[in-house]
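Here's the structure we're looking at; comments come further down.
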């Protein structure tokens, strides 16, 4: 089974290996547009890939043992079908012959060094995935679902305060019907754009830019007041020490700020936020989607019961619901090497962490913060409630 990447120039642009694979195939499977691009190349039986995409996997698996070619766009392993197909096949059952990706073609058209460009697949993902990247002079290349999504992209940039961004819309890139449109996002031409389409964005404007470091300003998070505040959040994230590909349990999610900042640390991180109140769980979900980390999983329930069935984490943060029962369950449930960080504000929860420190070890940190505020005609310090942080690696 061979996965062949096809460009908009069709059979004429295929390298010899890809051309030979299609000519020798007994079955060619792919979307109608891709089948048309290789029309006349080989006499194989042609089958349309069903919609939705997932329905095509069983069809493909039924063709096991035959000389099958799946045709897909450009590089099938860059926001393409390749990874979905290959995970259902065994090693040695498949090979891939990629073509130039739309990202490479766009970078070459723009004269941009691709290693310094953020490349996002937004053809099947929300535009909010861009939000962490929106800062002056950043360059992005994004794939889009269809022509109508070009207008949605421009509107999103305008609403975010980056309507002055320079936008290059590229349709049918690399083929005979290629069309390129340059404009500002706030001055997108009133015309119809055609699929396949992608866009190059040189970000300009005075919209709010999200910092790269943890401890982002509280205003980024919608909250009812139940939130780990910025300085304390920075200390918590430092202790949690997120690493690529790792999973966090955020127990007592509040506004979701800890889980969201964990996810913002690297695109491969994962997080599950557990929140007792349904209204707060909904707010966590909305915060995550608005800030571009819609991969956050939100569980409405009370720990430890709500932890049943969840995959084992690499790190756990307890921002609410702290008590001896929860800690006892975690000590039994969590695998060795898990990083545990818990915060206490009340005397009762502080006593719980003190007892946990005596029983299991770890480190205790007392955090006392004060901010300057009006004291009559002068300034004075307004102290926050002290917070005790317990950190432990099991």
Exercise for the section: Starting with the highest mean, order 69-78, 264-273 by the number of other Cβ atoms within 10 Å, averaged over the residues of each peptide. Expected result: 69-78, 264-273
Handout entry: Net length gained if the chain between residue 39 and residue 276 were fully extended (0.36 nm per residue, minus Cα distance)
Key = 79.6 nm
Handout entry: For 183, 102, order by how many other beta-carbon atoms lie within 10 Å, fewest first
Key = 183, 102
Problem - Residue order, fewest to most beta carbons within 10 Å, for 367, 260 - result: 367, 260
Practice task
Can you tell me the relative contact order of region 2-100? Whole percent, Cα pairs under 8 Å, sequence separation 6 or more.
Solution key: 43
Exercise for the section: Return the calculated 222 nm mean residue ellipticity for the chain, to the nearest 500 deg cm²/dmol, obtained by summing -39500 (n - 2.57) across DSSP H runs with n ≥ 4 and dividing by the residue count. Expected result: -7500 deg cm²/dmol
Practice task
Return a whole-number percent for the relative contact order of the chain, with Cα pairs under 8 Å and 6 or more residues apart as the contact set.
Solution key: 10
Practice task
Find the centroid of the Cα atoms in region 4-67 and in region 98-137, then give the distance between the two in whole Å.
Solution key: 26
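So if we plug the beta-carbon distance of residue 305 and residue 268 into 1/(1 + (r/R0)^6) with R0 = 22 Å, what FRET efficiency do we get, rounded to 0.05?
Efficiency at R0 = 22 Å is approximately 0.15.
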Problem - Footprinting exposure proxy for 291, 29 (fewest neighbouring C-beta atoms within 10 Å first) - result: 291, 29
Practice task
Report the FRET efficiency, 1/(1 + (r/R0)^6), for residue 63 and residue 181, where r is their Cβ-Cβ distance and R0 is 41 Å, rounded to 0.05.
Solution key: 0.55
Problem - Efficiency of FRET from Cβ geometry, residue 91 and residue 192, R₀ 45 Å, rounded to 0.05 - result: 0.50
Exercise for the section: Kindly list the residues of region 47-78 that lie in the label zone of residue 26, defined by a backbone N under 17 Å from the point 7 Å along the Cα-to-C-beta vector. Expected result: 47, 59-70
Practice task
Note the full-extension length gain between residue 325 and residue 286 as 0.36 nm times their separation in residues minus their Cα-Cα distance, in nm to one decimal.
Solution key: 11.0 nm
Practice task
For region 292-365 and region 236-254, write down the distance between their C-alpha centroids in whole Å.
Solution key: 11
Exercise for the section: Treat each spin label as a single point 7 Å out from the Cα along the C-beta direction, and report the residue 369 to residue 357 distance in nm. Expected result: 2.0
Problem - Residue with peak Gaussian network fluctuation, the chain [Cα springs, cutoff 10 Å], from 313, 196, 15 - result: 15
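Every read-out reported here was derived from the displayed coordinates using simple, explicitly stated rules and does not represent laboratory data. What you see is a predicted model, and the numbers here were worked out from it, not measured in a lab. Glycine gets a Cβ as well: all are built from the backbone with ideal geometry, and neighbour counts include every protein chain shown.
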